[in-house]
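Trainee: Below: one structure in structure tokens.
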Amino acid sequence: MQEREWPEQGELVVCSVQNVKDFVAFVTLDEYNNREGLIPIAEVARGWIKYIRDHIREGQKVVCKVLNVDPQKGHIDLSLKDVNEHQRREKIRVWKNESKAKKWIGFAAEAAGKADSAQDIASALYREYGELYAAFEDFVTEGRDALNKLKIDSGLADALYTIATENVKLPSVTISGDLFLRSTKSDGVNIIRRALRSAEPKVDGAEIEITYLGAPNYRIKVIATNYKDAEKALEKASSAAIGVLKRAGGEGKFSRKSKSGKHV
């Protein structure tokens with residue numbers, strides 16, 4: 001979904017190829033109500049082109065760069081050759097996510113008994129976030145606080161939140177480190193058990209797992225949405241466990257593992 005009726009010069013757009021002639025390809029812009037655009041043969045590929053259909057064909061999805069827009073004449077000139085592979089993959093990823101988010105809004109509106117409000121919800125989310133999918137990511141990371149800020153109907157908010165938590169998979173990072181825990185006390189086993197329980201504190205945005213490697217060594221693994229939160233959770237978990245051991249007269253150490261798996 002786009003709030004604008006026309007693309008801007010320099011913008012990357014997803015297009016469906018409709019008709020390929022000898023010296024030009026005609027496409028429709030998926031994100032702009034299927035407005036028609038054209039790709040001159042000189043903008044199809046770099047170098048000399050013998051047969052245009054060797055590079056573009058009807059029914060194909062392509063990512064193009066907008067060269068020129070003339071709303072009065074209804075002309076949109078596009079370039080296929082000016083889009084590299086990384087840009088193409090990233091644009092397709094964003095486009096697919098936006099398409100999914102638009103469907104989710106429709107599902108939420110229907111579930112709340114307000115099917116006619118889907119377009120209004122989409123417009124509100126687009127104005128607030130710039131991208132529809134980004135709104136659903138925010139609903140997952142920020143919870144209902146993000147929805148409360150939008151001041152929408154409570155039934156719609158519930159439906160949007162449910163769909164977000166069921167469908168959005170946030171990117172994650174995993175880090176780990178090894179704990180050395182030893183106690184020579186008669187109740188040393190219980191002390192270590194308490195230490196391990198304390199090494200699994202509840203940390204927002206992070207999951208903590210502890211694996212037994214063989215006494216006195218244990219591994220802590222943290223999964224979080226970013227390295228900053230992961231490092232914070234790892235530090236909190238290891239410090240808590242070592243603190244229990246030291247207060248009980250035992251020995252505790254922690255060694256961080258690098259991304260390559262080596263201890264640092």
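Just so you know, all these numbers are worked out from the coordinates, no wet-lab data involved. Keep in mind the model is a prediction, meaning the values are calculated, not measured. We place every Cβ from the backbone using ideal geometry, glycine too, and count neighbours over all the protein chains shown.
Trainee: Considering the chain as a Gaussian network with a 10 Å cut-off on Cα pairs, which listed residue, THR165, THR225, THR184, attains the greatest mean-square fluctuation?
Mentor: Most flexible of the set in this elastic network: THR184.
Trainee: Which values of log₁₀ I(q)/I(0), to two decimal places, follow from the Debye formula for the range 69-213 at q = 0.12, 0.14, 0.19, 0.20 Å⁻¹ with a uniform point scatterer at every Cα?
Mentor: For the requested q values the scattering log ratios are -0.73, -0.84, -1.10, -1.16.
Trainee: Right, something else. Taking a cut-off of 18 Å between Cα atoms, list the lysines near LYS61, but don't count ones fewer than 8 places away on the same chain.
Mentor: The reachable lysines, counting only those whose Cα sits under 18 Å from LYS61, are LYS21, LYS81, LYS91, LYS96, LYS100.
Trainee: Using Cβ counts within 10 Å as a stand-in for footprinting exposure, how do SER186, SER123 rank, fewest first?
Mentor: Numbers: SER186 8, SER123 12.
If I rank by nearby Cβ atoms, fewest first, I get SER186, SER123.
Trainee: Further, regarding this structure: Quick one: if the Förster radius is 41 Å, what FRET efficiency do LYS50 and ILE92 give, using the C-beta to C-beta distance and rounding to 0.05? Let's see the in-between values first.
Mentor: Values: r = 28 Å, r/R0 = 0.67.
Efficiency computed from Cβ-Cβ geometry: 0.90.
Trainee: Calculate the spin-label point distance for ASP116 paired with ASP22, positioning each point 7 Å from the Cα along the beta-carbon direction, and give it in nanometres.
Mentor: For ASP22 paired with ASP116, the spin-label model returns 5.5 nm.
Trainee: Count of lysine pairs in the range 173-256 with Cα atoms under 24 Å apart, counting only pairs 8 or more residues apart in sequence or on different chains?
Mentor: Number of lysine pairs found: 18.
Trainee: Moving to a separate point now. Let me know the volume per residue of the alpha-carbon convex hull for the range 87-167, in Å³.
Mentor: For the range 87-167, the hull spanned by Cα atoms encloses 83 Å³ per residue.
Trainee: In the range 160-193, whose amide N lies under 16 Å from the spot 7 Å out along Cα-to-Cβ of GLU231? List them in ranges.
Mentor: Correct set: 173-177.
Trainee: Going by how many other beta carbons lie within 10 Å of each one, how would you line up HIS86, HIS55, HIS75, fewest first?
Mentor: The most exposed by this proxy come first: HIS86, HIS75, HIS55.
Trainee: With a cut-off of 8 Å between alpha carbons and a minimum separation of six or more residues, what is the relative contact order of the range 173-256 in percent?
Mentor: Numbers: 165 pairs, mean separation 37.5, N = 84.
Across the range 173-256, relative contact order equals 45 percent.
Trainee: Hey, another quick one. Would you kindly derive the ³J(HN,Hα) couplings of the range 202-214 from the backbone phi angles with the Karplus curve 6.51 cos²θ - 1.76 cosθ + 1.60 (θ = phi - 60°), listing them in order in whole Hz, with x for Gly and Pro?
Mentor: 3J(HN,Hα) across the range 202-214, in whole Hz: 7, 10, 4, x, 9, 10, 10, 10, 10, 10, 7, 9, x.
Trainee: Additional query: Please express the shape of the chain as an equivalent ellipsoid: the semi-axes are the square roots of 5 times the eigenvalues of the C-alpha gyration tensor, given largest first in whole angstrom. It would help to have the intermediate numbers written out before the result.
Mentor: Details: eigenvalues 566, 135, 30 Å².
Here the semi-axes work out to 53, 26, 12 Å.
Trainee: Let me ask something else about it. Given a 10 angstrom Cα cut-off, can you work out which residue in ALA157, ALA241, ALA122 is the most mobile in a GNM of the chain?
Mentor: Among ALA157, ALA241, ALA122, the largest mean-square fluctuation in the Gaussian network model of the chain belongs to ALA241.
Trainee: Would you kindly derive the ³J(HN,Hα) couplings of the range 47-56 from the backbone phi angles with the Karplus curve 6.51 cos²θ - 1.76 cosθ + 1.60 (θ = phi - 60°), listing them in order in whole Hz, with x for Gly and Pro?
Mentor: Those phi angles translate into x, 6, 10, 7, 10, 4, 6, 6, 10, 8 Hz.
Trainee: Find me the longest stretch of the chain that has none of the exposed GluC sites (Glu not before Pro), where exposed means in a DSSP loop (not H, G, I, E or B) with at most 11 other Cβ atoms within 10 Å.
Mentor: Numbers: sites that count: GLU3, GLU5, GLU8.
Longest site-free region, per DSSP loop and neighbour criteria: 9-264.
Trainee: Which of the trypsin sites (Lys or Arg not before Pro) found in the range 43-99 are in a DSSP loop and have at most 11 neighbouring Cβ atoms, other than their own, within 10 Å? Could the numbers behind the result be given before it?
Mentor: Details: sites: ARG46, LYS50, ARG53, ARG57, LYS61, LYS65, LYS73, LYS81, ARG88, ARG89, LYS91, ARG93, LYS96; in loops: ARG46, LYS50, ARG57, LYS73, LYS81.
Passing both the DSSP loop test and the Cβ count: ARG46, LYS50, LYS73.
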